[in-house]
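Computed from the coordinates by the stated procedures, all read-outs in this text should not be read as laboratory data. Everything numeric in this text was worked out from a predicted model, so none of it was measured. Here the Cβ positions follow ideal geometry from the backbone for every residue, glycine too, while neighbour counts run over all protein chains shown.
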Amino acid sequence: MINATEIRALDVSPEVPTTQRLYISAASGLVCVCSTMYVVADDELHLGVFSKDTSEPGHLIRLFAGDLPSGKAERKQQKPDLEAITFVPAFDNFPHGALLAMGSASRPNRGRGALLTLDAHGAVCGSPNELDMSPIVGPLHQVFDELNIEGAVVVRNELRLFQRGNKQHADNAIIRYSLRQVLGALQSSQADTVAPFAIERLDLGLIEGVPLCFTDATVLPGGEMVFCAVAEDTDDAYRDGRCVGAAIGIADNDGHLVSLHPLDRPYKVEGISARLENDTLELLLVTDADDPLIPARLLSASVAI
C-alpha cells in the first residue's frame with residue numbers, strides 16, 4: 001500500500017484573466033523537465049507550468065486559440081481533452097528537445113496536439129505548434145472499441161501511447177510506434193497514416209468490481225515504464241464516475257506487468273512523474289477531482305522496488 005502526501009494545490013498566478021479559474025482543476029498529465037513541472041488539464045486550452053522547488057503559483061501557456069464555456073456540461077462537450085504529455089529528446093530543429101501534448105482522441109474534437117520547443121534549461125520558448133494527431137490515432141479507432149489515449153512516453157527510438165479502458169471495455173494497452181515516423185508525420189502537411197508496430201494489452205485487475213485502467217505513464221532510464229491507474233465506475237470514455245481506487249504500476253521495457261501497488265486512498269491520479277533513487281521510486285502525482293470547483297492537487301509518494 002502506497003501512502004500519498006498532498007503537497008499543494010495547482011493554483012496559477014492572477015495574471016490569468018479573471019474570467020478564468022485561478023487554478024487547474026482537471027489535471028490529466030504530468031512531465032518534469034529539469035526543475036519545471038508541466039501539467040495538461042483535460043478541460044483547458046492551456047498548459048500549466050509549475051516549479052518543482054517552490055510552492056508559488058504557476059502560470060499558463062496557451063496551446064489553442066479560443067475560449068471554452070464556463071458551464072460544466074458545455075465545457076465537457078467542447079474541451080480538447082488533453083490527456084497526455086511527454087518529453088521528446090533533441091531532434092531536427094529542436095536541439096534541446098520538445099514537449100508533445102495530445103488529446104485523448106475519444107471524440108472527433110479531441111484529436112489535437114501541440115509541440116512546444118524547449119531551451120537548454122527545459123523552459124518553453126517560442127509559440128506552440130498545433131498538431132493534427134489523426135495520422136497517428138486515426139487507425140486506432142479500428143483497433144479499440146473506445147479509443148481513449150491517456151498517457152505517452154518516449155523510450156529510446158519509440159513513442160508509446162497508453163490506451164485506457166473502462167467497465168464496458170476494459171481494454172488497457174501500450175501502443176508502440178517508431179518515434180521518427182511519428183515526428184515526421186506530425187510535422188508534415190501531407191502526412192500518411194502511421195501504424196503502430198506493436199500493441200501490448202495489460203489486465204490490471206479489479207477494485208470493487210471496477211477494472212483498474214491507465215491514466216498516465218512515465219519512463220525510467222532503463223526503459224521500464226511507471227504508470228498510474230484508477231478504477232473509475234463508468235461504462236464509457238466520456239462520462240465520469242466514482243473513483244473507487246487507484247494504483248501505481250511498473251511494466252518492463254516489453255510491456256509486461258512487473259508490479260502493482262495500490263494507493264492508500266482513492267485519489268483520481270491522472271498524471272505521474274518518477275525518479276529512481278537507489279531502490280526507491282520517488283513519485284509526483286497530479287489529480288482530477290471531476291469538479292471544476294476543486295483545484296487539482298500535487299501529491300508525492302515513494303515505492304520501494
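Structure notes:
- Residue match in region 215-224 (condition: touching a residue at least 24 places away in the same chain (Cβ under 8 Å), more than 19 Å from the chain's Cα centre (by Cα) and part of a helix (DSSP H, G or I)): no
- Tally of residues being surrounded by 15 or more Cβ atoms within 10 Å (Cβ to Cβ) and more than 19 Å from GLY271 (Cβ to Cβ) across region 206-222: 3
- Subset of region 257-305 that is within 21 Å of ALA152 (Cα to Cα) and of a type in the set (Val, Ile, Thr) - its residue that is surrounded by the most Cβ atoms within 10 Å (Cβ to Cβ): VAL286
- Each residue in region 134-172 was checked for being surrounded by 24 or more Cβ atoms within 10 Å (Cβ to Cβ), of a type in the set (D, E, K, R) and part of a loop (DSSP other than H, G, I, E, B), and 1 of them qualify.
- Scanning region 127-137 for residues that are under 16 Å from ASP192 (Cβ atoms) and within 19 Å of the chain's Cα centre (by Cα) returns LEU131, ASP132, MET133, SER134, ILE136, VAL137.
- Looking across region 240-257, the residues that are farther than 19 Å from LEU281 by Cα and within 18 Å of the chain's Cα centre (by Cα) come down to ASP240, CYS243.
- Any hit, region 7-15, residues being crowded, with 17+ Cβ neighbours inside 10 Å, touching a Pro at 6+ places or on another chain (Cβ under 8 Å) and not in a strand (DSSP E or B): yes
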